[in-house]
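Here's the structure, in structure tokens; my notes come after.
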Amino acid sequence: MKRFIVIIFIFVPIFTLESQLAQLEKIVLYGNTKTDDNVILRELQLKERDLFSDTHLLYDRAWLIRQGYFKRVEYQLKPGSTDQQRILMIIVQEKGSWSVSPVLSNNDLFGWYVGGRIVRNHLAGKRNQMGISFQIGGVNQFVLSWGNPWIGDRLRLFAEMELSYTAFRYLYGDYDMTPFHLQKTEMKMTLGRQFNRELKIGIGTGIERFGVTDPNVTFSGGRVDWLSHAEPFIQFDSRDWPLYPQKGLFIQVWSTWYGIFQHRRFQYHGMDFRFYSPLYHDNVLAMQTTFEFSRGEIPVYKRIHLGGGRTIRGYSTGSLPGENSFLMSLEYRVPILYERNPLAGVHVGYAGVLFVDTATTWYQNQTMRNDMIRLSVGLGVHVIWDHWIFRAEYGNHGSGWGFVNLGSGIKF
């Protein structure tokens, strides 16, 4: 009996993505009177002679809008030298050189403070940014900053410098002696490398001067402490619009080493994790988890204080002191009357928010227990107007009347 081996070849047409794409022959820029051509072109993933589709164009356009120095970015395609080639025309409308935003917040421990931030954007058309911010009230603060997110062309380095002054009366309940006045002056410089649109690694170094009216809280035993520090970090950021994200992920891990040039040393190590996911009808589920762990002898003025509108809402400011901390917040954001079009740079309206916060702190000589974990729930309203964001949130932990937090900016 003969055996037959039948081999059947099935020819399946294989169409590659590239065969359906056009080739980018040339990129032409219009409208950038202040911005250097190279500053725009280097931000594009698309390069001349690349194959591209509409998806690639939308991705690059959204990225240009996110940089913050254009009001509008429009694309137009023109026929190229051959049927498969296209000329991409990018038409931009630049933002003004100056931007101003208010600083406003209430605090049950320190009271109200108000101020503002003035920023000179896009110096020399190369994305350098200088800013001055200040606030007066329960906590007085002045900050002078400079930054450039892209230095060195192919090296793609970023650099930041900051000089700040902060003064307030130490009213936290973890210090059982007479409240003292604290003045902090800090000079800090950060240098790092951006590897792609999401990932960057860097290190910050600086020196801090702490002036106090109570020598019992200083390392030196006098009224002044000097601390040097180094802070390596790694950051991943895929958020679609960092000021008020609808989707994306943000992760930052850092380690701060204090007292590099002093005999008294201590460290803080931490992580900040944020997640945003769109749900039906443009609702957003947002989550933040942070923790910090310390080593070494921590001075009083460097302790962690949770409670209040920026940490665990519904608890009084600083009611959870410690040297280690864990915090988790969950928010459900519902747009009420909100127009959001990232491709056109439009973010305006207001949204309701429901939230749950949980947190705990403990000292190095303590063991963290379940009964130390605190929980609060609440609701609020977020008002969005371009880069201005205001919030009004009420939180309660099941005892008392709770707390209302008002101010500029959101928690995360």
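The values are calculated or read from the model by the stated rules, or taken from the named source; none is laboratory data. Here the structure is a predicted model, which is why all the values come from computation and not from measurement. Quick reminder, even Gly has a Cβ in these numbers, built from the backbone with ideal geometry, and neighbours come from all protein chains shown.
Within the range 137-163, track down each residue that is hydrophobic (A, V, I, L, M, F, W, C), farther than 17 Å from E43 by Cα and either not in a strand (DSSP E or B) or not assigned by TED's automatic domain parsing to the domain that holds I234 (or both).
Of everything in the range 137-163, just one residue is hydrophobic (A, V, I, L, M, F, W, C), farther than 17 Å from E43 by Cα and either not in a strand (DSSP E or B) or not assigned by TED's automatic domain parsing to the domain that holds I234 (or both), namely V139.
Yes or no: the range 237-253 includes at least one residue that is farther than 30 Å from S277 by Cα and either in contact with a helix residue (DSSP H, G or I) (Cβ under 8 Å, 6 or more places away or on another chain) or aliphatic (A, V, I, L, M) (or both). Full working, then the answer.
First, the residues of the range 237-253 that are farther than 30 Å from S277 by Cα: none.
No; the residues of the range 237-253 include none that is farther than 30 Å from S277 by Cα and either in contact with a helix residue (DSSP H, G or I) (Cβ under 8 Å, 6 or more places away or on another chain) or aliphatic (A, V, I, L, M) (or both).
So, V217, is that one crowded, with 17+ Cβ neighbours inside 10 Å and within 18 Å of A167 (Cα to Cα) or not?
So V217 passes the test.
May I ask you to say which residue of V381, V346 is without any contact (Cβ under 8 Å) to a residue 12 or more places away in the chain and within 30 Å of K71 (Cβ to Cβ)? Talk me through it step by step, then tell me what you get.
Working: V381 fails: without any contact (Cβ under 8 Å) to a residue 12 or more places away in the chain.
Result: V346 is the single residue among V381, V346 that is without any contact (Cβ under 8 Å) to a residue 12 or more places away in the chain and within 30 Å of K71 (Cβ to Cβ).
Test E331 against the stated conditions and say whether it is assigned to a strand (DSSP E or B) and crowded, with 18+ Cβ neighbours inside 10 Å.
In short, yes.
If I go through the range 147-194 residue by residue, how many of them are aromatic (F, W, Y), in contact with a Pro (Cβ under 9 Å, 6 or more places away or on another chain) and over 25 Å from E323 (Cβ atoms)?
Total satisfying the criteria: 1.
Considering each residue of the range 384-403, count those that are touching a residue at least 24 places away in the same chain (Cβ under 8 Å) and among the aliphatic types (A, V, I, L, M), and give that number.
2
From the list I336, I312, I298, pick out the single residue that is crowded, with 21+ Cβ neighbours inside 10 Å and either modelled with pLDDT of 95 or more or assigned by TED's automatic domain parsing to the domain that holds S238 (or both).
Numbers: I336 fails: crowded, with 21+ Cβ neighbours inside 10 Å; I298 fails: crowded, with 21+ Cβ neighbours inside 10 Å.
Answer to the check: I312.
Is it the case, given these coordinates, that D272 is under 30 Å from W385 (Cα atoms) and assigned to a strand (DSSP E or B)? Walk me through it before giving the result.
Details: under 30 Å from W385 (Cα atoms): yes; assigned to a strand (DSSP E or B): yes.
So D272 fits the description; yes.
I'm told D282 meets every condition in (1) touching a Pro at 6+ places or on another chain (Cβ under 7 Å); (2) at pLDDT 95 or above; (3) over 18 Å from G322 (Cβ atoms) except one. Can you identify the failing condition by its number?
(2)
What are the pairs with Cβ atoms under 9 angstrom where one residue, in the range 179-199, is surrounded by fewer than 17 Cβ atoms within 10 Å (Cβ to Cβ) and the other, located anywhere, is part of a loop (DSSP other than H, G, I, E, B) and aromatic (F, W, Y)? Sequence gap at least six, or different chains.
P179/Y170; P179/Y172; H181/Y170
Filter the range 376-389 down to residues that are farther than 11 Å from G349 by Cα and at pLDDT 95 or above, then give me how many there are.
Result for the range 376-389: 5.
Where residues in the range 47-101 are part of a helix (DSSP H, G or I) and touching a residue at least 60 places away in the same chain (Cβ under 8 Å), which of them is surrounded by the most Cβ atoms within 10 Å (Cβ to Cβ)?
Step by step, filter the range 47-101, then rank; the result is I65.
Just need a number here: residues in the range 243-260 that are more than 21 Å from I298 (Cβ to Cβ) and free of Cβ contacts under 8 Å to residues at least 40 places away in the same chain.
Just the residues of the range 243-260 that are more than 21 Å from I298 (Cβ to Cβ), to begin with: 243-252.
Pick out the ones that are also free of Cβ contacts under 8 Å to residues at least 40 places away in the same chain and you get 247-252.
Total satisfying the criteria: 6.
Consider H229 carefully, then state whether it is crowded, with 16+ Cβ neighbours inside 10 Å, free of Cβ contacts under 8 Å to residues at least 40 places away in the same chain, of a type outside the set (G, A, S) and assigned by TED's automatic domain parsing to the domain that holds V404. Talk me through it step by step, then tell me what you get.
Numbers: crowded, with 16+ Cβ neighbours inside 10 Å: yes; free of Cβ contacts under 8 Å to residues at least 40 places away in the same chain: yes; of a type outside the set (G, A, S): yes; assigned by TED's automatic domain parsing to the domain that holds V404: yes.
Criteria met by H229.
Filter the range 135-178 for residues that are surrounded by fewer than 16 Cβ atoms within 10 Å (Cβ to Cβ) and small (G, A, S); which is nearest to V300 (Cα to Cα)?
Going through the qualifying residues, I end up with G173.
If only one of S228, S238, S255 is among the hydroxyl-bearing types (S, T, Y) and under 30 Å from D386 (Cα atoms), which one is it? It would help to see each step written out before you state the result.
Numbers: S228 fails: under 30 Å from D386 (Cα atoms); S255 fails: under 30 Å from D386 (Cα atoms).
Selected residue: S238, the only one of S228, S238, S255 that is among the hydroxyl-bearing types (S, T, Y) and under 30 Å from D386 (Cα atoms).
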